[in-house]
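Notes follow the structure.
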Amino acid sequence: MIRVQNGGFDDEYVTPNIRYAVDNASQIIYLALNKEYKIYAKNLKGDQLRVIVGPFRPIGLSRKGRTKLLSKFKGGDLKSLEAAYPDKLVVIKDIKRLPGGWLAIYRITGPELFEIDVFDPEGKYRYILEPPQGISLENAVFHDRGFSLVEEKEDLFVYADYRIKNLPEIFR
């Protein structure tokens, strides 16, 4: 947590944390400290199989970016929050398993912004997964044909299932 006078707060864009994903089919656990772009692939015994290193450059946080991220904290002493707020963003927002041993790394690119880097089963960087316009993959659940998510439409929550046809090496 980020410490302030009366406790602390957590923000996924600046707070150090551990991110992980489990591939049940291959029995590999992927884990990383979100402050660096190193993903450790381990078997269930804890043996390290490989280290995946992705494209990365540290991203500083401008005053405007800090204000944008702090706007979600209602109440409290905004000045003490701003003084304690880190000046750099963390690197990894999330790690998700894709079908066939592929891996999606949600890489932070700015305040409340991220890109999804895709790695093949051997841990080689392949490309950036771009979602369809108007669709956020933030809470997507990937499956063999594509992904599903719950969307809000006209004050209702709707389950949507999307098929990905242009990546046959990952999605059937």
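The values are calculated or read from the model by the stated rules, or taken from the named source; none is laboratory data. Note that this is a predicted model, so its numbers are computed, not measured. Positions of Cβ are backbone-derived with ideal geometry, glycine not excepted, and every protein chain shown enters the neighbour counts.
Can you name every residue in region 131-169 that is among the acidic types (Asp, Glu), assigned to a strand (DSSP E or B) and exposed (fewer than 10 other Cβ atoms within 10 Å of the Cβ)?
Residue satisfying the conditions is GLU152 alone.
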Margin query: Filter region 128-172 down to the residues that are charged (D, E, K, R) and farther than 16 Å from ILE105 by Cβ and list them by number.
Written below: ASP144, ARG145, GLU151, GLU152, LYS153, GLU154, ASP155, ASP161, ARG163, LYS165, GLU169, ARG172
Next item on the list: Go over the candidates VAL90, VAL118 one by one and state the one that is part of a loop (DSSP other than H, G, I, E, B) and at pLDDT 85 or above.
Entry: VAL90
Next item on the list: Tally the residues that are touching a Phe, Trp or Tyr at 6+ places or on another chain (Cβ under 8 Å), closer than 16 Å to VAL14 by Cα and free of Cβ contacts under 8 Å to residues at least 24 places away in the same chain, restricting the search to region 47-65.
Entry: 0
Next item on the list: Could you check, for region 68-80, whether at least one of its residues is in a loop (DSSP other than H, G, I, E, B) and in contact with a Lys or Arg (Cβ under 9 Å, 6 or more places away or on another chain)?
Entry: no
Notebook entry, point to check: Would a scan of region 104-122 turn up a residue that is in contact (Cβ under 8 Å) with a residue 40 or more places away in the chain, within 19 Å of ASN17 (Cβ to Cβ) and of a type in the set (A, V, I, L, M)?
Noted result: yes
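When the residues of region 123-172 are filtered to those that are aromatic (Phe, Trp, Tyr) and in contact (Cβ under 8 Å) with a residue 60 or more places away in the chain, which remaining residue is farthest from VAL51 (Cα to Cα)? Break it down stepwise before answering.
Filtering region 123-172 down to residues aromatic (Phe, Trp, Tyr) leaves 125, 127, 142, 147, 157, 159, 162, 171.
Restricting the remaining residues to those that are in contact (Cβ under 8 Å) with a residue 60 or more places away in the chain gives 125, 171.
Working: TYR125: 12, PHE171: 24 Å.
Applying the filter and picking the extreme gives PHE171.
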Notebook entry, point to check: If MET1 passes every condition in (1) touching a Phe, Trp or Tyr at 6+ places or on another chain (Cβ under 8 Å); (2) under 30 Å from GLU82 (Cβ atoms); (3) surrounded by 14 or more Cβ atoms within 10 Å (Cβ to Cβ) but one, which one does it miss?
Noted result: (3)
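Scanning for something in contact with a helix residue (DSSP H, G or I) (Cβ under 6 Å, 6 or more places away or on another chain) and closer than 20 Å to ILE170 by Cβ, does region 92-102 turn up at least one residue? Give the steps one after another, and end with the answer.
Taking region 92-102 and keeping what is in contact with a helix residue (DSSP H, G or I) (Cβ under 6 Å, 6 or more places away or on another chain), we get none.
No - not one qualifying residue is present in region 92-102.
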